[in-house]
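The values are calculated or read from the model by the stated rules, or taken from the named source; none is laboratory data. Since this is a predicted model, take the numbers as computed values, not measurements. Note that we place each Cβ from the backbone using ideal geometry, even for glycine, and neighbour counts take in every protein chain shown.
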Amino acid sequence: MPAPVVDILVVAVAALDLSLNLMGDHTPLGVSLAAVGCAALAFRRRFPLAVFLLTLPAGLTQDVPIAVLVALFTLAERSRDRRLLAVCVALSALASSTPWLPVAPVDRTMTLVFFVYGLATAAAPVLFGQLLQAQRDLARRLAEIEEAREHERTLHAQAVLARERAQLAREMHDVVSHQVSLIAVRAGALQVATKDADAKEAARTIRSLSVTTLDELRTMVTLLRASGGHATEPTPQPTLADLHKLVESSGTHARLSGALPSTVGTPAQRALYRTVQEALTNVRKHAPGATVRVELWQDGDDVGVTVTNSPPTRPSLSLPGSQHGLVGLRERADILHGTLEAGPAADGGYRVRLRIPLSTD
């Protein structure tokens, strides 16, 4: 039921209670004050304390006025000040035990009895309101606990997924990639050694498919080793067309020159891209302020890239270097029957040079 409808019904019930239970001795002023208190119940949600104070005159004209009880319940439902609630209970009991127009000597004993009864009557809606407030707090706390548990379950599931992905990546890298590499090497050896044209073509096909498969396996291993906390979508692998963006965003003074024919296959393009990427990374780490030349070139049936950097112009930080990047590049070059050369240049800089047979793909 909408809150305004409930408020209207409460005001109507309080007014009906006032009209039916007025004491015999009353004045127009007392009735008016009690009526104001009943009407004020419409605003009990916004001003609970003020509405309660306005309903107190109704306690002087009635034994157990509904308006006071409703105002006490609303105040207790919204307030967390126990001392304030205790004072309001005492005021309600005092109002109900004090006659509006005493016409005879006041019996102190009966007044005390009425005061005690008033305390018990006023305490009931306060306790009920506090109980409702505690129930809402408990429900809110239970919802927070359930949300935290759901978050923990999600984190646990992500951790399990990450472990499974890492284990699968290790198996693929240590077993499958090794076997495919052996297939590529044996197929390449057979292609060189055999004299039969059909066998040579079959060996070339096997080697080419093995190289492509190995490259895809390495891509899958990289994806599997990615964070297990978020879904990792396969992204397009880089090609020569992405070199310009790589050089521009490298954070170094790099310049790209040269071009390669469109017949360069996908595995060779990836090898060239990764070589430039690793070389630029090493420049940022170990040669700050150096200028870099990235040259794409073709030499007969071979294509390649040369990345040369000048000596650093600023002292570099002592960063750990495992050489795994260059080792991976050499492995990729070996699979493609190419060569990778890396070492100091004559001017004190550093040079990385990758050469790949164009006929590899």
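I'd like to check something: does segment 100-118 contain any residue that is under 19 Å from residue 79 (Cβ atoms), in a helix (DSSP H, G or I) and either at pLDDT 80 or above or touching a helix residue (DSSP H, G or I) at 6+ places or on another chain (Cβ under 8 Å) (or both)?
Of all residues in segment 100-118, those under 19 Å from residue 79 (Cβ atoms) come to none.
Among the residues of segment 100-118, not one is under 19 Å from residue 79 (Cβ atoms), in a helix (DSSP H, G or I) and either at pLDDT 80 or above or touching a helix residue (DSSP H, G or I) at 6+ places or on another chain (Cβ under 8 Å) (or both), which makes the answer no.
I'd like to check something: does segment 245-254 contain any residue that is modelled with pLDDT of 85 or more, surrounded by fewer than 14 Cβ atoms within 10 Å (Cβ to Cβ), outside the structural domain of residue 214 (by TED's automatic domain parsing) and basic (Lys, Arg)?
yes
State all residues of segment 49-63 that are at pLDDT 85 or above and over 12 Å from residue 38 (Cβ atoms); if no residue qualifies, say none.
49, 50, 52, 53 - these are the residues of segment 49-63 that are at pLDDT 85 or above and over 12 Å from residue 38 (Cβ atoms).
Please specify each residue of segment 178-215 satisfying the condition of being outside any loop (DSSP other than H, G, I, E, B) and polar (S, T, N, Q).
Keep residues of segment 178-215 that are outside any loop (DSSP other than H, G, I, E, B), which gives 178-193, 197-215.
The answer is 179, 181, 191, 205, 208, 210, 212, 213.
Only one of (1) aliphatic (A, V, I, L, M); (2) closer than 24 Å to residue 345 by Cβ; (3) not in a loop (DSSP other than H, G, I, E, B) is not met by residue 268, so which one is it?
With (1) aliphatic (A, V, I, L, M); (2) closer than 24 Å to residue 345 by Cβ; (3) not in a loop (DSSP other than H, G, I, E, B) applied to residue 268, the lone miss is (2).
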